[in-house]
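The values are calculated or read from the model by the stated rules, or taken from the named source; none is laboratory data. Computed from a predicted model, the values in this text were never measured in an experiment. As a convention, Cβ positions derive from the backbone with ideal geometry for all residues, glycine included, and neighbour counts pool all protein chains shown. Heavy atoms of the whole protein, side chains included, go into the accessibility calculation; ligands, DNA and RNA do not. Shrake-Rupley method; radii C 1.70, N 1.55, O 1.52, S 1.80 Å.
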Amino acid sequence: GDLLAGAPFLFSHVEAHGPFSGDLSAYSVVVLTAVAAAQGALTRQAVLDYVAGGGALLFLGAYLGEAAPPGLETWLAPLDIQIMADVRVDGRYAGAGDAYLLRHWKDFEIQEGCAIRAAQGHTLTPGGKRGGGAVFVAREYGYGRIALLASATPLRSDAVRRPGERRFAQDHFRWLGHAGLEVADADGGG
């Protein structure tokens, strides 16, 4: 939060502890943790409406083990995304390809993360295997954008102080921050 509040992003941030029922449209990027989602901090419909309308969601996964509520796996099912908080993901994962959002991913570490499955979008899967759990997924939905990380490890303050993770975070938040501004021609009408 402190690093993103300074130049070049100048994001201000508000933290909410407990259920949030306010209007999300005032926020450029909403960051939601797996624990907060499991505890009902935001309703699924509020998140879907926000992203479809041009908002951006950064979902930070976590391994919850047996405490993972059964509904969390299908929480983002309308986006063809599964959050498997009962599947632990740990280790260093190499980036694959030169896609914009993964160009600065350099063997980042994931600690106590969860597996994520997505039918489409930019994904980073362990060992490059398709169909298994991913450690990073990013895609557009409606007019908005959504990105999921298996855990917050690459974006923690101590990690973002390193140049590689900082460049990844900058690309990531720049992409998320442009949700609703860079809209593809959905109907092909120009």
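Below are the figures for this structure:
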read-out: Additional length obtainable on full extension of the chain from S12 to R162, 0.36 nm per residue less Cα span; value: 51.8 nm
read-out: Long-range HN-HN contacts of V31 with modeled amide H, under 5 Å; value: L58
read-out: Nearest-10 value in Å² for the accessible area of R44, using the 1.4 Å probe; value: 90 Å²
read-out: Where H178, H13, H104, H172 fall by accessible area, highest first, once all protein chains stay in place (1.4 Å); value: H13, H178, H104, H172
read-out: Dipole moment magnitude, nearest 20 debye, the stretch 1-111 about Cα centre, only Lys, Arg, Asp, Glu C-beta charged; value: 140 debye
read-out: Cα gyration tensor category, rounded, prolate or oblate, for the stretch 38-104 with a/c compared to 1.5; value: oblate
read-out: Residue-normalised accessible area of the stretch 1-78, given per residue in Å² at a 1.4 Å probe; value: 56 Å²
read-out: Counted charge near I81, where neighbours are those whose Cβ lies closer than 12 Å (Asp, Glu -1; Lys, Arg +1); value: +1
read-out: Shape of the stretch 1-68, Cα gyration tensor, a/c cut at 1.5; value: oblate
read-out: Percent carbon-and-sulfur accessible area, the stretch 1-84, ignoring ligands, DNA and RNA, probe 1.4 Å; value: 54 percent
